[in-house]
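Engineer: Sharing a structure here in structure tokens format.
No lab work stands behind these numbers, since they all come straight from the coordinates. Owing to the predicted nature of the structure, the values given are computational and were not obtained by experimental measurement. Here the Cβ positions follow ideal geometry from the backbone for every residue, glycine too, while neighbour counts run over all protein chains shown.
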Amino acid sequence: MTDQLTLDLPEPVVGPAVEPLAPGAMVLRGFALSHAGAVLADVERVAAAAPFRHLVTPGGFRMSVAMTNCGTLGWVSDTTGYRYSELDPDTGRRWPAMPASLLRLASAASERAGFGPLRPEACLVNRYAPGARLTLHQDRDELELSAPIVSVSLGLPAVFLLGGLTRKERPQPVPVRHGDVVVWGGPSRLRFHGVRVLPEGHHPATGRCRINLTFRTVLGLRARS
Ligand code: MD3
Ligand code: FE
């Protein structure tokens, strides 16, 4: 009887659930869902000014993921190394400005996850076609490690691999879908992570691809005192 009543109760409306992954790391399921159309329109405008390209790693390998950036800094890679740059090496111009709506989304996610508001200088936009993947790595080209990184997943589903602070730890698979937001900071900020090979598929919002945006605070207070 009590069970029947409980089953009939509506879900409480308290916003998306916070799914803990590890200390400082969590998934906000569907957090970006109501903004997905606007975010994808912003991505199209960014890509019109700074086209997606396949960067080359310092080891000389072409990345399977296509990338572009918006914000005052963009993450780039070539045979000389990884770095943040004010200029797009492909166009010689500054990266397109970070749309205010993207900033608000990233900052709201950071606050929802229990971190303060966010002022990221860089938004790296990754585009995965089926077959693309990101091998296990750390995000450590940023000087400001006290701010979390916020990641927004759109389009085809994928599997994140969440590793430890060393390569030895076996990564845990974390499925992410259209509209999911992952926040990682604090003790998880320097965990190894990657993305499994994207399976074939079609998504109504993006077609045959997955888009991921990562918001990065690079200089933090160093640029603001
Ligand atoms: C970091 N991109 O661009 S973050 C990257 O789906 C990158 O394209 C991912 O990693 C992508 O550098 C989004 C995935 C992720 C997951 C868990 C982490 C990064 C993490 C845990 C700790 C630190
Ligand atoms: Fe990364």
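Engineer: Can you give the angle from 0 to 90° between the axis of helix 36-49 and the longest principal axis of the chain, with both taken from C-alpha atoms, to the nearest 10?
Structural biologist: Around 0 degrees separate the two axes.
Engineer: Remind me, relative contact order of the chain in percent, using alpha carbon pairs under 8 angstrom and six or more residues apart? Intermediate results must be reported in sequence, preceding the final value.
Structural biologist: Numbers: 503 pairs, mean separation 53.5, N = 225.
So the answer I get is 24 percent.
Engineer: Expressed as a whole number of Å, what is the distance separating the alpha-carbon centroids of the stretch 80-110 and the stretch 43-78?
Structural biologist: Using only Cα atoms to place each centre, the spacing works out to 10 Å.
Engineer: Set the Förster radius R0 to 35 Å, insert the Cβ-Cβ distance between ARG53 and THR166 as r into 1/(1 + (r/R0)^6), and round the FRET efficiency to 0.05.
Structural biologist: Values: r = 32 Å, r/R0 = 0.90.
It comes out at approximately 0.65.
Engineer: Also, quick follow-up: From the square roots a ≥ b ≥ c of the eigenvalues of the alpha-carbon gyration tensor of the stretch 9-224, which class results: rounded (a/c under 1.5), prolate (a/b over b/c), or oblate? Working shown, then result.
Structural biologist: On the way: a/c = 1.24, a/b = 1.21, b/c = 1.02.
Rounded is the answer for the stretch 9-224, as its axis ratio a/c remains below 1.5.
Engineer: Ignoring everything except DSSP H segments at least 4 long, calculate the 222 nm mean residue ellipticity for the chain; use -39,500 (n - 2.57) per segment, divide by total residues, nearest 500.
Structural biologist: Details: 3 runs with 34 residues, N = 225.
Mean residue ellipticity at 222 nm (helix-derived): -4500 deg cm²/dmol.
Engineer: Evaluate the relative contact order of the stretch 63-113 (contact order divided by residue number), counting alpha-carbon pairs under 8 angstrom at least 6 apart; express in whole percent. Walk me through the numbers on the way to the answer.
Structural biologist: Working: 45 pairs, mean separation 15.1, N = 51.
Relative contact order of the stretch 63-113: 30 percent.
Engineer: While we're here: Once both axes come from the Cα atoms, what is the angle between helix 100-112 and the longest principal axis of the chain, in degrees from 0 to 90, rounded to 10?
Structural biologist: In the chain, helix 100-112 runs at an angle near 50 degrees to the longest axis.
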